[in-house]
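Where a number appears in this text, it was derived from the coordinates with a stated rule and is not lab data. Keep in mind that this is a model prediction, so the values were computed, not measured. Cβ atoms come from the backbone with ideal geometry, glycine included; neighbour counts cover every protein chain shown.
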Amino acid sequence: MNSQIISGVFIPLLGTAAGGAAVFFLKKNLSTFFTDILSALAAGIMTAASVWSLIIPAVERSENMGHFAFLPAVTGFILGNIFMLLLNDLSKILVRNSAQMQKLTTTVFAVTIHNFPEGMAVGTIYGAYLAGKEDVVLAEAFLLSVGIAVQNIPEGAIISMPLHAGGVSKFKAFLYGALSGAVEPLGAILTIFTLSTASALLPYLLSFAAGAMMFVVTEQLIPDIKDHGRVPVRALPFAVGFAVMMSLDVALS
């Protein structure tokens, strides 16, 4: 692999790290009101990412199945939810001292799982370029990497910021946020070297990641948001997060 491909593979990780760095701008003690807004924003971001970055591409990559193109997406989505249910139970055993940290651990896993098939998508484009496919140019692959990096900025933030709010130091919270994106170059490199097999599995992995993220949204983020009088701390931040992530996904795809 030449230097351009190597840099393109690692660009999405820089986006995640940039988002994780947002934690350094937070005050030491966050109010419940602010953490609830963060949770609603994260829920909106994760929901939009599940639909536009994962479910829709999973269906599109299964178009050769005709009317049954939905099957890989449905299968992966259900398996993703089941996996996170089991992981959630496991986190309760491994992280006994804090219910909040149990939930944060599950969220970190969900976002990390979601980043792996995104890395595979990048690897598919670069792998096609290396295979000499005439309709794929290096600039196209590079733009995809940049687009995913921009999408990853809010994803890094929705890990690092709640972690810090839950008592983790700023540096460690940043590290966890940044490292959640480390699986992207791994997924890209594995796909480049195993393109035919990885491409066949990608629709299932994309929808699996969507199921994992939606489990966190429905079981952990939304239910934990408290009422603050007549202030719409659920609906409005959720809508903003959803709109921002949807706009990034569509504009940069």
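Couplings 3J(HN,Hα) for the stretch 210-215, derived from phi with the Karplus relation 6.51 cos²θ - 1.76 cosθ + 1.60 (θ = phi - 60°), are 5, x, 4, 5, 5, 4 Hz, where x marks Gly and Pro. Working from Cα pairs under 8 Å separated by at least six residues, relative contact order for the chain is 46 percent.
What number, in nm² with one decimal, is the all-direction average of the projected area of the convex hull of the alpha-carbon atoms of the chain?
Reported value for the Cα convex hull: 14.0 nm².
For the pair Val231 and Ile56, label points projected 7 Å from Cα toward Cβ lie 3.3 nm apart. The C-alpha atoms of the chain define a longest principal axis, and helix 3-20 lies at about 10 degrees to it. Between 0 and 90 degrees, rounded to the nearest ten: what's the tilt of helix 32-48 against the longest Cα principal axis of the chain? Rounded to the nearest ten degrees, it is 20. With both labels modelled 7 Å from their Cα along Cα-to-Cβ, the Val244 to Phe33 distance reads 1.9 nm.
What net charge do the residues around Gly15 carry, taking every other residue with its C-beta under 11 Å from that of Gly15, with Lys and Arg at +1 and Asp and Glu at -1? Surrounding charge for Gly15 is -3.
Peptide packing for 240-246, 150-156 was compared via the average number of neighbouring C-beta atoms within 10 Å per residue; ordered from the highest value, the list is 150-156, 240-246. For His228, the amide hydrogen comes within under 5 Å of the amide hydrogens of Val233, counting only partners 5 or more places away or on other chains and with H modelled in the peptide plane.
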